[in-house]
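The values are calculated or read from the model by the stated rules, or taken from the named source; none is laboratory data. Please read all numbers here as calculations on a predicted model, not as lab measurements. Neighbour counts run over all protein chains shown; Cβ positions are idealised from the backbone, glycine included.
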Amino acid sequence: MRQRIDFKLIGVIGSRMREAREIAGMQQVHAAKLLGYKNSSRLNKIENSTNVSSISLHIILTAAKIYDVSTDFLLGSSEEWERDARVAGESNAMSHILELWNVQHLNDLNAIRRNENKVTALCKAVDMYSSSVANCRKSLNVFIEKNRGFDDMKAGATLINSVCDLENAVYNSTAQLKRYRADVKVEKDLRHKQLGVFE
């Protein structure tokens, strides 16, 4: 089921983000860096409501903190931008939640990174086995060519089948590792997207 996008809310958040930045007396470039962006492009899109996927909970919470305004103001549910003691307490709670969220995010990324390292090591091992199996096949072909009676030799067919089995095992292992590596990349990209990590 596709999620409906509230364009009116996106517009309110965008204009409130700009207003809060101006209240704080910050240039867009400086604010963008504090929000974790490399440049002001994404913040500009948020403020102008041109990219609905750019606004995450993380960005709203961080903006409220650096601009020293309430999240209610940024979300358009309050005209008061100043944070009172209750709001400050809520902000502290939200900061704690955000901190826990970031820790979990880092743990997830580290787990994905460990999996990537394991897959890389397995790929190197499979490449080594693949090279060895290819050498076995070459040697077997040379042996068969130099020994015309090979087909009549005891266990000749077994040797050929064993080399074929090794080739198939290496091929299947390589294919599975490629699929797994692609799955890990998709999971990593999805985790970044879900947690509001931008370029």
Query raised in the report: Given the structure, is Asn172 farther than 30 Å from Leu35 by Cβ, of a type outside the set (Phe, Trp, Tyr) and not assigned by TED's automatic domain parsing to the domain that holds Lys65?
Result: yes
Requested in this report: List the number of the failed condition for Ser139; all other conditions in (1) surrounded by fewer than 15 Cβ atoms within 10 Å (Cβ to Cβ); (2) closer than 30 Å to Ile59 by Cβ; (3) not basic (Lys, Arg) hold.
Outcome: (2)
Requested in this report: Return the residue satisfying two criteria in turn: it lies in the stretch 126-136 and is out of contact with any Leu (no Cβ under 9 Å at 6 or more places or on another chain) and surrounded by 12 or more Cβ atoms within 10 Å (Cβ to Cβ), and of such residues it is nearest to Lys185 (Cα to Cα).
Outcome: Asp127
**Report entry** Output for the stretch 7-45, where each listed residue is among the hydrophobic types (A, V, I, L, M, F, W, C) and farther than 19 Å from Ser78 by Cα
**Finding:** Met26, Val29, Ala31, Ala32, Leu34, Leu35, Leu43
